[in-house]
1. Kindly state, to the nearest 0.05, the FRET efficiency for ILE184 paired with VAL43, given R0 = 41 Å and r defined as their beta-carbon distance.
2. Take GLN35 and GLN54, extend 7 Å from each Cα along the Cα→Cβ direction, and tell me the distance between the two endpoints in nm.
3. Can you bin segment 100-158 into rounded, prolate or oblate? Criterion: square roots of the alpha carbon gyration tensor eigenvalues sorted a ≥ b ≥ c, rounded for a/c under 1.5, prolate for a/b above b/c, oblate for the rest.
4. Given +1 on the Cβ of Lys and Arg, -1 on the Cβ of Asp and Glu, and no further charges, what dipole in debye does the chain carry about its Cα centre, rounded to the nearest 20?
5. Could you tell me whether the chain comes out rounded, prolate or oblate from its Cα gyration tensor? Rule is a ≥ b ≥ c as square roots of the eigenvalues, rounded for a/c under 1.5, then prolate if a/b exceeds b/c, otherwise oblate.
6. Please build a GNM for the chain, connecting alpha carbons under 10 Å apart, and tell me which residue among SER90, SER23, SER132 fluctuates the most.
7. Could you give the dipole magnitude of segment 100-158 about its Cα centre, charging the beta-carbon of Lys and Arg +1 and that of Asp and Glu -1, in debye to the nearest 20?
8. Name the shape class, rounded, prolate or oblate, that the alpha-carbon gyration tensor gives for segment 45-122, where a ≥ b ≥ c are the square roots of its eigenvalues, rounded holds for a/c under 1.5, and otherwise prolate holds if a/b is larger than b/c and oblate otherwise.
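Nothing in this text is a laboratory measurement; each read-out follows from the coordinates by a stated rule. Quantities reported herein were computed from a predicted structural model and do not represent experimental measurements. Note that we place each Cβ from the backbone using ideal geometry, even for glycine, and neighbour counts take in every protein chain shown.
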Amino acid sequence: MFKKESFIADHVADMKKADHLVSEIRRHQKMIQDQKEQYAHAVKRFRQKVSANQKVILRHILSLYIFYQQNISEFTEGGKKKIVSLESGSKIGSRLSNREVQARKPKEVIALIKKMGNRFIKEFIRTQIMESLDKEAIRKHPKDLLVNPEIAKLVRIIQNEQFMVEPMGGEPVSEDVEKLKRMI
């Protein structure tokens, strides 16, 4: 980190030199503090800009959702389709989100699955170092597992309707339909 020769040459020989080095330490501490404050302000400004853009996107999604709902029978051809292509090639419409599995007391669910037999153990329990629920398998075949009423009390399959906007050449965005309904 330091070359021995330059370090020795910089050694303190008198009180004046000692005072100078202490004031240099303070000056560098102040510079570090100023830089930290500048960084914090820059991050704050960045977050405010991102937040403002996210709010604009949400307002636009809400407007598009209202437009879609007002014209739903025309857009969906009486319910035959859910996605509408706009003139620009962009798309709007509704779709179901991916299923999500939530299990309260997973160890209890595993014990109940074990009681159901080997077929269920092989399909719904993932064994690595320790046992865990195979949520992917539960998403694929929920009815097979949820026939057991005790498991049905502990495991929920959640799937929400999403309103999706896919700008031509941009990233698709979506928002939960229930959230949009509450905002109207």
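1. Numbers: r = 34 Å, r/R0 = 0.83.
Computed FRET efficiency for ILE184 and VAL43: 0.75.
2. 3.0 nm
3. Rounded, because the longest to shortest axis ratio a/c is under 1.5.
4. The calculated dipole for the chain is roughly 500 debye.
5. Details: a/c = 4.05, a/b = 1.64, b/c = 2.47.
It comes out oblate by the Cα gyration axes.
6. Checking each option, the largest mean-square fluctuation is seen for SER23.
7. 80 debye
8. Numbers: a/c = 4.06, a/b = 1.71, b/c = 2.37.
Oblate, since a/c reaches 1.5 and b/c is not below a/b.
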